[in-house]
Amino acid sequence: MKVSVKRGLALVLASLALAAQAETLDHLKDLWRAKKYEQVIPLLLAFREQPGGRTWPVDYMIGTSECRVAGRENNGAAVLTYLLSNYRLPDTARSATEHEIEFCRQSGSASHEEPPFFYVPVSGQVASGPMVAGKGGYEVPLTKVTTSKALAIPVPVAELKKRVFPLDQGAAALQSAQKRFPVAGDAAVMNGFVLLCGHYCAVQPKDVGECLVKYEAPLRSEFDIAMPAELVTVYLARDPREVVEDASRLHGINLPLGTVAYSVYEDLSLVGIAGYGSCGSLAHELVHLAIRQNFGDSPAWMEEGLASEVAVASPVNKSFRFGTSWRDDMLRKYWSLRPTVAQLLKMNWTNYAANDMSAVNQVAAVHAMAATFVRYLDAKKKLVPVYFAMRDGRFSPASAKIRSDEEILQQQLGMKVEQIDADFVKWFKASAGGEEPAPVRSGVPQSGNEPAYPMNTVSPNAPGETTPNAPGSATQNVPNAARPPLNQQGPNAPPHPPQERN
């Protein structure tokens, strides 16, 4: 494996820490189930600060525990309100959280009922409708449109975790992956990745590994986004149809035809398509996987916008070079539907998925606005400071202090949000040569790192299980085409309905 000694040692130590963390989390779940709320709250708060600790299941346990401790009801309601706005939640979890907020405000610690408890095999979701996803609002011919309700992934978490190997066990990880991928062709173990392909390798795994590793330094250097502490397994498909087949074989997921890439956090895997020298769709997925190490509650506009821009950026040394792409075309096309900056900041993950045809264009505009606004911040040399202010200054569950995205953005840019929006419009017009935003030809990518035909995606940064297992990532979708697309991202599956209260 071509992993530096320094990084290898750091990640092995981190791997051992994560193993201990998983045991601690099981203990915390036991305390929570036993209703030892005062005892578990400080432990949960400490756990939240560890790598991978910012998940909605953890915040759910913090909030519901505080709701049942006299004098901390307001804190509990604040934590749960934050949870609703800043995580991708399945419908059942959203409903349960809303119920808990109402319970917290009305009766506080007077009730001895246990909070709703979900048992899910794995985190994530497949969003309804293949029209829009993590990558940001592609188009698709109506004849290609299908809908898919959120589906649970039947592979148990315990089984998925057996697929995760330390960095120094590349041979064992590859052998394990090949048992699940019996028709695997060429393979490579390098740079922290295990890469293999199925019937036929459209691109050599080694080339994909060399492409993906280029994103590691700039992600870490600019955004403190570190790669997972264990090996990441990359299953390469040659076309969208094979991605769908692989999803069924590997994870039991039924994806809409045309999915180009998806990722699952529990087994640290990416499944998707790449091209020679172009792996943007897998890099997009890698952002969603890696950001969960220390920013699992990232706002939708920031995470999706950043992952989308990284997918079309050029990684240069320790930074990214962002530029215009098909996203600009898409925003101009749906300019009348674009959210203002103030509206964008208040949107949550549900705004990034279309549930029916009437919402497709609106969601496409949301994706395009998020991505382009991230590029605007970069052009103003404010992307990095805004990113860290969002990560480190939005919310403290210990004190339940919440700063809005709008407040943080205004402070960082020195303008009111209305002025920021006006400045964005001015900047966007200038980037288009001074032209007024207007409909343009259908979203044809301008970046060599993006698919060369219109596509669609599903949403990202999927939910986790409420009884904390690790959270998941997302899937994205595109129709079949003559050439294999390069960049895409996707979701995972939501939890089962809550069981009856004890």
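The values are calculated or read from the model by the stated rules, or taken from the named source; none is laboratory data. Given the structure is predicted, the values throughout are model-derived calculations rather than measurements. In this analysis, Cβ positions are derived from the backbone assuming ideal geometry, glycine residues included, and neighbour counts consider all displayed protein chains. Accessible surface areas use protein heavy atoms only, side chains included; no ligands, DNA or RNA. Shrake-Rupley method; radii C 1.70, N 1.55, O 1.52, S 1.80 Å.
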Using the structure shown, decide if Val360 is touching a residue at least 24 places away in the same chain (Cβ under 8 Å) and either under 19 Å from the mean Cα position of the chain (by Cα) or in a strand (DSSP E or B) (or both). no
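Okay, residues lined up against (1) at pLDDT below 90; (2) among the charged types (D, E, K, R); (3) surrounded by 16 or more Cβ atoms within 10 Å (Cβ to Cβ):
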residue	(1), (2), (3)
Ser15	yes, no, yes
Leu25	yes, no, yes
Leu28	no, no, yes
Trp32	no, no, yes
Val40	no, no, yes
Leu43	no, no, yes
Arg54	no, yes, yes
Ile101	no, no, yes
Gln106	yes, no, no
Check Val183 against each of (1) under 27 Å from the mean Cα position of the chain (by Cα); (2) of a type in the set (Val, Ile, Thr); (3) surrounded by fewer than 17 Cβ atoms within 10 Å (Cβ to Cβ) and name the one condition it does not meet. (1)
Just wondering, is there one or more residues in region 331-344 that are assigned to a helix (DSSP H, G or I) and either under 16 Å from Val384 (Cβ atoms) or among the aromatic types (Phe, Trp, Tyr) (or both)? yes
Here are some residues: Val79, Val40, Val69. Which one is in contact (Cβ under 8 Å) with a residue 12 or more places away in the chain and within 25 Å of the chain's Cα centre (by Cα)? Val79
Can you tell me how many residues in region 393-419 are modelled with pLDDT under 95 and out of contact with any Pro (no Cβ under 9 Å at 6 or more places or on another chain)? 10
Kindly indicate whether Thr81 is under 23 Å from Gly393 (Cβ atoms), modelled with pLDDT of 85 or more and open to solvent by 30 Å² or more (accessible area, probe 1.4 Å). yes
